[in-house]
Structures are given as C-alpha cells and as structure tokens.
Amino acid sequence: MPATTYAVAGMSCGHCKTTLTRAIGELDGVSGVDVDLGTGHVTVSSAAEPDDAVIAETVDEAGYELTGRV
C-alpha cells in the first residue's frame, strides 16, 4: 500500500492529531493516516496515489495548512 507524506503547518497538540486523522481518514481510498506532531508530517496510506488537491482542501478545512510533499 503506497504511503505519501505531507508537511502540514499549525499542528501542535493531540487535538490536532485527532482532527486530521479523522478528516483525512474519511476520504475515499485512504486506508491509514499517521500524524507526527514532532516533525509536522502527515503520512497518508491509500490504495492509489492520493489527490494532493483533495488532501490540501481537507487539511485547510480542518484549520491547518498543507505546505507540500516531503
């Protein structure tokens, strides 16, 4: 299962981790989400290549900023 890692700004606590895990995890095709607050990285596991625009929009709607792929 492919994994794509994104840099996300604005995450600082357990609530941030829970919010992003839930929001991204609800997207079609996403099978797993790992949020690392220490590095500011979010790793998305999915059956196919994720749509960066959809991930960015979801992160933005959750109140954070996707700054790019790692």
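The values are calculated or read from the model by the stated rules, or taken from the named source; none is laboratory data. Please read all numbers here as calculations on a predicted model, not as lab measurements. Here the Cβ positions follow ideal geometry from the backbone for every residue, glycine too, while neighbour counts run over all protein chains shown. Please note that ligands, DNA and RNA were not included when accessible areas were found on the heavy atoms of the full protein model with its side chains. Shrake-Rupley method; radii C 1.70, N 1.55, O 1.52, S 1.80 Å.
Some values worked out for this structure:
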quantity: Apportionment of accessible area to carbon and sulfur, the chain, percent (1.4 Å); calculated: 49 percent
quantity: Three-way shape call for segment 1-47 based on the alpha-carbon gyration tensor, with the a/c threshold at 1.5; calculated: oblate
quantity: Simple label model, 7 Å out from Cα along Cβ direction - residue 22 to residue 48, nm; calculated: 2.8 nm
quantity: For segment 1-67: accessible area per residue (Å², 1.4 Å); calculated: 55 Å²
quantity: In degrees, nearest ten, helix 14-25 long axis to first principal axis of the chain (Cα); calculated: 20 degrees
quantity: For residue 39, solvent-accessible area (1.4 Å; no DNA, RNA or ligand), Å²; calculated: 80 Å²
